1. Binned at 20 Å from 0, what are the whole-percent values of the Cα-Cα distance distribution for the chain, short to long?
2. How big is region 511-588 by the Kirkwood estimate over distinct Cα pairs, in Å?
3. Assuming a ≥ b ≥ c are the square roots of the Cα gyration tensor eigenvalues, decide whether region 171-279 counts as rounded (a/c under 1.5), prolate (otherwise, with a/b larger than b/c) or oblate.
4. Over what distance in Å are the Cα centres of region 535-596 and region 367-395 separated?
5. Can you tell which of PRO154, VAL590, VAL291 lies farthest toward the positive end of the dipole of the chain, using +1 and -1 charges on the Cβ of basic and acidic side chains (Lys, Arg; Asp, Glu)?
6. So for the pair ASP139, THR635, with labels modelled 7 Å out along Cα→Cβ, what separation do we get in nm?
7. Once the cut-off is 16 Å, how many percent of the Cα-Cα pairs in region 371-487 end up in the long-distance tail?
8. Mind checking the full-extension length gain between ARG98 and ARG151? Use 0.36 nm per residue of separation minus the Cα-Cα distance, one decimal, nm.
Amino acid sequence: MSERGALLAQFPRERTWLLPALQAVQRAERWLSADALEAVAAHLRVPASEVWGVASHYPELRLTRPGRRIVRVCTGVSCHARGGRDLLGVCAERLGLRAGETTPDGGVTLEEMDCAFACAVAPVVEVDHEPRGRVTPGDLETLLTAPAAHRALPAATIAPPAQRALSGPPTTRFAALGREAERRRTGARLVVGAGTCGLAVGARETLEALRLEVQRRTLPFTVVAAGCNGMCWAQPAVTVVREGQAPRVAGPVAAGDVPRLLDALAAGRLSETGADYLARQQRALLERCGVTDPADIADAIRHGTYATLARVLADGTPERIIEQARASGLAGRGGAYFQAAVKWAACRAAAGTPKYLVVNGEEGEPGIFKDRHLMEADPHRLLEAALLVAYAAGASRGIVYVHGEAELSAERVAAAAAQAREWGLLGERILGSDFSFELELRRGAGGFVLGEETALLESIEGRRAMPRTRPPFPVEAGLWGKPTVINNVETLFAVPSIVERGGAWFAGLGGGHGTKLFGLSGHVNRPGIVELPLGATLRTLLDELGGGSSTGRPIRAVVLGGPSGSLVHARQFEAPLVPRGPVNPGTGGVVALDARASVRDAVRTLLAFNMRESCGKCTPCREGTARLLAMLDGTPDREGVKALSEVVQVASLCGLGQAAPLAVLSALAEFPDAFGLS
């Protein structure tokens, strides 16, 4: 059997495996040739024309052979603001290429990225799938000529529990796991922020240097690779964790700074970083990020993960989860803010089995990077949340759908799921209860439209990501026609705390709306992820947490909520951020633009992205976004733009098209001078 044949043989001959099979072949062969597409079609028994249709639909699938080295430069809004387009120009000149071209000898392909999703360390250049952040033009020669080297973080080996309780209620069985976790406690730790943002600016080197120096000095510390605590601006960061003491953060700590860090720690002179940044937040979802070890289920249990699940299973009343969610007012954090309890109750009441839970971790909007932080830093919390919601909704099967380029998120979620299964917290009869739940990881291949829940279902089923008409809604007929709940990562992260502390606790935050994660990027001094009660203002986010303008020039505007959001004028920075309010937080992306930044360029970047990402199913979105973009050439006809925008908003099938004109309309209203209008 050929290598390709052996690779495909691992996939059952069902259409649902089409996208995973295409991705596997591309990983092995670096692109999808016509022969490869034919082989996939033959193995899965899917018509070759439909395989081609799917392969040509997803942006991350390559139908032409790339160069031996692939250089990609991010020019999304955050990176554009920080000089990303200038970096692209330097790369093009250095390589003698335009974006999208390959050198004649097949050595290098240069590409433009819509977003690298490491917005807080912008600008980002990716070489052979390794992102580098805070890149300057002076860094490019080294990046372009250095040997390719993909160095994964050292894999942690977590043994299953030596002994599991085989009788008793779920709380008794979980208590035994807790004792096992306590036996594995390691004492004081030095925790390195090794999330995507940290790794892009040297955290891997800091981690290696710290481990070697701690070993050389025989210090009583365990060195841990964790996720980011939200302080992306301080990465690579090192957090000192001691029993009975509050964590202390130092950063940035480059590899060369490690000896000085350890000297200061030994002398009791550690200079803390960002204490005010953390203290000003209401950290419910982020409380363990950057502190817990994402690769160790025992550490997660010591930090309280899965304890709520055990108590709920012992109680045996899944309806109480729905009641607490309803009392909390928890609404979806993907931008639509639909009441979560309504979905769960409807799925529970729907006829048909099996029922499914789909965790949407695709997060394909430029300028939005919160869900990746959560999955990278605290994957076991996501699993506990998924188990709680599945139990409430009556679901027995689940899929975590992660963006195809969010490698670290996928690796950590997959490892967490494997550990949870070994520890009896996933699979058949969890903790001895009647509740069974199987979880599977699927990867996306690009496509902003995957944020629309029915398009996501189409993708899982092996089709082009195109939204379905509704009704029926997914809770009635979703994945393979069965009742299905779909929630994004941030929404689910709130669930364990709501169930543990009660719905009234969450409702008491943010005027009944709870807390929200915001991703700060662009022209701020302290870009990163923060958590505040809804009702907070952009002024608080930009000045108190973001540290004000990074350029010394006033912040003129904010791109709020990504491509489906709006351009907010400085005069509205004091307005509360409330769903469906005058300043709607949307998905929580906050890209600050200073007085010199071009609002027009920002709008064109957002609209061009929406145009490229249109799935093409409905004419208003497919044609309307392209025409809107063309209308921005020269001085636009304000009334004409408004009229066409109304058609796109009203007649588009899904939220992508319906929200696509928002940035244009808000910019024309608030910044007419940017378009030559008065």
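The values are calculated or read from the model by the stated rules, or taken from the named source; none is laboratory data. Just so you know, these numbers come straight off a predicted model, no measurement behind them. Cβ: placed from backbone, ideal geometry, glycine included. Neighbour counts: every protein chain shown. Keep in mind that these areas ignore ligands, DNA and RNA; they rest on the heavy atoms of the full protein, side chains included. Shrake-Rupley method; radii C 1.70, N 1.55, O 1.52, S 1.80 Å.
1. So the P(r) values, bin by bin, are 18, 54, 27, 1.
2. Every distinct Cα pair counted, the radius reaches 12.4 Å.
3. Prolate shape, in that a/c is at least 1.5 and a/b is the bigger ratio.
4. A separation of 27 Å, based on Cα centres.
5. Selected residue: VAL291.
6. 4.2
7. Within region 371-487, distances greater than 16 Å cover 62 percent of Cα pairs.
8. That works out to 16.2 nm of additional length.
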